[in-house]
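Q: The structure is given below, and queries will be raised subsequently.
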Amino acid sequence: MRHHYFSEEPFQLESGEILPNLTVAYDTYGTLNPERNNIIWVMHGLTANSDVADWWPNTVEKGKFLDPDKYFVICANVLGSCYGTTGPSSINPATGKPWCGSFPKVTIRDMVKAHRMLARHLGIEKIHEMIGVSLGGFQAIEWMVEDPDIAENTMFCATDSSCSPWLAAFNKSMYMAIRTDPTWGEPRLDAAQNGLATARSIALISYRGPFAYNMSQKDAEDKPDPFFHKVQTYQEYQGQKLCRRFDVYSYVRICESGDSHDVGRGRGGLKKALSRIKVPTLVIGINSDILFPPACLEELAESIPGSRLELMDSKFAHDGFLIEHAKINDIMQRWRKERQES
């Protein structure tokens, strides 16, 4: 069920800039039990929304690891998005028009600050299980480092404790593509559509990797045009599909938040910051992920005391956590069972 939290108080960003107010869109599933100890907080990836059942199919179901009959599942849309939380598509009270490109940059820490405000609003002092995937993993790790007592258990999947040069290179390539669009910067939400579509094409390469592309986009042996490849229309379609549901300014601001990510910043480095996480932690990597390769997840797990690393076998690279829901479910259920038995 979709809800909205609104705060009339000014919201100060890490940069020092101030938003005049804050709206956070969030979805909930299931029922909070009387003991208030069945809360699972899920944090979503780049262009997803707060409806976990929408972007993570076959997970919010009876018998699955986000079973709404057992758990009270919460997911909040991130700051800077266009799915209900304050972002570039929101109305700037000073102008009466959407912020568009004038919306200030936000960091992962700003996103977590908004999550924490929502948690206080809901009277949540303890989360049973915190789950963060991809960019959502950035937020979950940051939250746990900032407030190590907030959750009893946590899972980080296909993510990292800081923005690697590899990720920053992909992001920079997307910004360069977007800014070649002559409509970039125009104060309208349909600006730079061609640039956004091109950026999405770049991103998809990092999400799927060679195995998935070669498996799903293979050409027919008797194709009449030697210059045509099936994947060309796939890339164009996926770019256009994103443009129908997202605006370029939200896309850039959220990607830039990823650039800001470094839980060790101002905390004595990554290892010192991650050592603050003391609760049972499951780190899930995907063996074919080229955006967050297994070595990143291995290093993350090694830096969190007592954590457990699971490398999932998948041909779908970074998107494996979205597609291989049965494998994720098995890993999560096994981890929970072992915790209960220990």
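The values are calculated or read from the model by the stated rules, or taken from the named source; none is laboratory data. In this text, all values refer to a predicted model and were calculated from it rather than measured experimentally. Backbone-built Cβ (ideal geometry, glycine too); neighbour counts: all protein chains shown. What goes into the accessible areas is simple: the full protein's heavy atoms, side chains included, and nothing from ligands, DNA or RNA. Shrake-Rupley method; radii C 1.70, N 1.55, O 1.52, S 1.80 Å.
Q: Within the stretch 189-342, how many Lys pairs that are eight or more residues apart, or on different chains, come under 28 Å at the alpha-carbon?
A: Going through the stretch 189-342 pair by pair, I get 15.
Q: Starting from the amide H of M312, placed 1.01 Å from N in the peptide plane, find each other amide H under 5 Å away whose residue is 5 or more places distant or on another chain.
A: The answer is G285, I286, N287.
Q: Right, another one. Simple spin-label model, 7 Å along Cα-to-Cβ: E338 to E125 in nm?
A: 3.2
Q: Show me, for the stretch 38-46, the HN-Hα J-couplings you get by feeding each phi into the Karplus relation (A = 6.51, B = -1.76, C = 1.60, θ = phi - 60°), rounded to Hz, glycine and proline as x.
A: Coupling constants for the stretch 38-46: 10, 7, 10, 9, 9, 10, 8, x, 3 Hz.
Q: Once every DSSP H run of n ≥ 4 in the chain is given -39500 (n - 2.57) and the sum is divided by its residues, what mean residue ellipticity at 222 nm do you get, rounded to the nearest 500 deg cm²/dmol?
A: Details: 11 runs with 131 residues, N = 342.
Taken over the chain, the calculation gives -12000 deg cm²/dmol.
Q: What part of the accessible area of the chain, given as a whole %, is carbon or sulfur when the probe is 1.4 angstrom?
A: Heavy-atom surface of the chain belonging to carbon and sulfur, 1.4 Å probe: 53 percent.
Q: Can you tell me how the stretch 176-324 classifies by the Cα gyration tensor, rounded, prolate or oblate, using a/c under 1.5 as the rounded cut? Can you show the working numbers first?
A: Numbers: a/c = 3.24, a/b = 1.39, b/c = 2.33.
Since a/c reaches 1.5 but b/c is at least a/b, the shape of the stretch 176-324 is classed as oblate.
Q: While we're here: Where does the longest stretch of the chain lie that holds no GluC sites (Glu not before Pro) found in a DSSP loop with 16 or fewer other Cβ atoms within 10 Å?
A: Details: sites that count: E8, E14, E17, E35, E61, E125, E221.
With a cap of 16 other Cβ atoms within 10 Å, the longest stretch comes to 222-342.
Q: Say R0 is 41 Å: what FRET efficiency, to the nearest 0.05, do D149 and A326 get from their beta-carbon distance? Mind showing how you got there, number by number?
A: On the way: r = 33 Å, r/R0 = 0.81.
After rounding to 0.05, the efficiency reads 0.80.
Q: Using Cα pairs under 8 angstrom and six or more residues apart, how large is the relative contact order of the chain, in percent?
A: Values: 669 pairs, mean separation 57.9, N = 342.
Averaging sequence separation for qualifying contacts and normalising by length gives 17 percent for the chain.
Q: Give me the 1.4 Å probe accessible area per residue for the stretch 110-210, excluding ligands and nucleic acids, in Å².
A: Working: 3620 Å² over 101 residues.
I get 36 Å² per residue for this part.
Q: Tell me the accessible surface of L291 in square angstrom (1.4 angstrom probe, heavy atoms of protein chains only), to the nearest ten.
A: 10
Q: Measuring from centroid to centroid over Cα atoms, what is the spacing of the stretch 194-244 and the stretch 289-332 in Å?
A: The two parts, judged by their Cα centres, are 25 Å apart.
Q: Going by Cα centres, the stretch 15-51 and the stretch 105-120 are how many Å apart?
A: 10
Q: Could you compute the longest span of the chain free of chymotrypsin sites (Phe, Trp or Tyr not before Pro) located in DSSP loops and having at most 14 other Cβ atoms within 10 Å, not counting the site residues? Numbers along the way, then the final one.
A: Values: sites that count: F227, F228.
Longest run free of exposed loop sites: 1-226.
Q: Same structure again: When the chain is treated as a GNM, springs tying every alpha-carbon pair under 10 Å, which of Q193, Q240, Q217 comes out with the largest mean-square fluctuation?
A: Q217
Q: Now a separate question. With every protein chain left in place, what is the accessible area of H128 in Å² (1.4 Å probe, nearest 10)?
A: Its heavy atoms expose roughly 40 Å² to the probe.
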